[in-house]
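No value in this document is a laboratory result; all are computed from the given coordinates. Please read these numbers as outputs of a predicted model, since none were measured by experiment.
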Amino acid sequence: MEANKKDKRARRRRFRNMFSLILLIGVFLLWGFYALLESDLFNLKYVELYGNSIASYEEVLEASRLILHRNLFKYDLNMVEEQVLQHPYIKEVTASRKLPNKLLINVQEREEYAIISYMGSYVYIDHELVALKIADSYIAQELPLITGVELQSLKTGEVLRAINQEILQNTIQLLAAAAVSDMIDVVAEIDTSEEGNIKLLTIDGIEVHLGKAEDPVYSMLVLKEVLVKLYTSNRRNVIIDLRYEGTSTVRDRD
């Protein structure tokens, strides 16, 4: 009986000693792992950017607020993504770590869709009406120009707000219909200044009256047919009237 008690006490001592040893090893391993993570090995040395064609590497890096030679694990990737999204041309972004010292940024950019002439400046927008940049000039026929729009708010990276938002939306739908109809390269300008009548100007100067353009796809298909006939007969200096559904008229300029 006494021998059994001694064996039990001995086993308990061995167990405590083994547990203490394992605990000590665990503490050293955790400390070593922590020291490794905090070492220069995991300092950020490289930022790789993918998916950009308009926003430059320097612009995205500045927007990200990343600082080289700072520990890679001290960055909140969600915060990095939110900061990169502040760049007007960035629509989507994913940030990830690549050990030991790289951070990868994958972006999807917004595409320039049209230009709005406003108060002497030119506002580049995408198809969602997000203002991408504001310029003092633009290259003619670079993108369709939208005139006659009165804006309520204008800030790059945000959706434009117009006094008559419906007309602006109709104009964007008209451009979308032109793209679907393979007519987008024909459109030079869309003038929304006249109430109830959107005017389109082709790249060769033909003026087209579209009314409210409530059915933009139909309007573009009819315009395409009319233009084919005009080009065949070599007529350019004309005005096309498509304001009334089912009819189209062409008259020479005065």
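Some observations on this one:
- Computed log₁₀ I(q)/I(0) - Debye formula, equal Cα scatterers, no solvent, the stretch 84-178, q 0.19, 0.20, 0.21 Å⁻¹: -0.88, -0.95, -1.03
- Length available on full extension from Arg65 to Leu41: 0.36 nm per residue minus the Cα-Cα distance, which gives 6.5 nm.
- Taking the convex hull of Cα positions in the stretch 114-252, its mean projected area over all directions (nm²): 8.0
- Computed extension gain for Asn106 through Tyr244, at 0.36 nm per residue and net of the alpha carbon distance, reaches 44.8 nm.
- Counting every C-alpha pair in the stretch 42-109, the share spaced more than 13 angstrom apart comes to 57%.
- Each residue of the stretch 198-204 is assigned a 3J(HN,Hα), and the resulting list reads 7, 10, 10, 10, 7, 5, 9 Hz, derived from the Karplus form 6.51 cos²θ - 1.76 cosθ + 1.60 (θ = phi - 60°), x at Gly and Pro.
- Amide H contacts under 5 Å for Leu132, placed H, 5+ residues apart: Tyr124, Ile125, Asp126, Gly157
- Once you reduce the stretch 127-200 and the stretch 88-124 to the center of their Cα atoms, the two points are 20 Å from each other.
- In sequence order, calculated HN-Hα J values of the stretch 49-65 (Karplus, 6.51, -1.76, 1.60; Hz; x Gly/Pro): 10, 10, x, 8, 9, 9, 5, 6, 4, 5, 5, 5, 5, 5, 5, 5, 6
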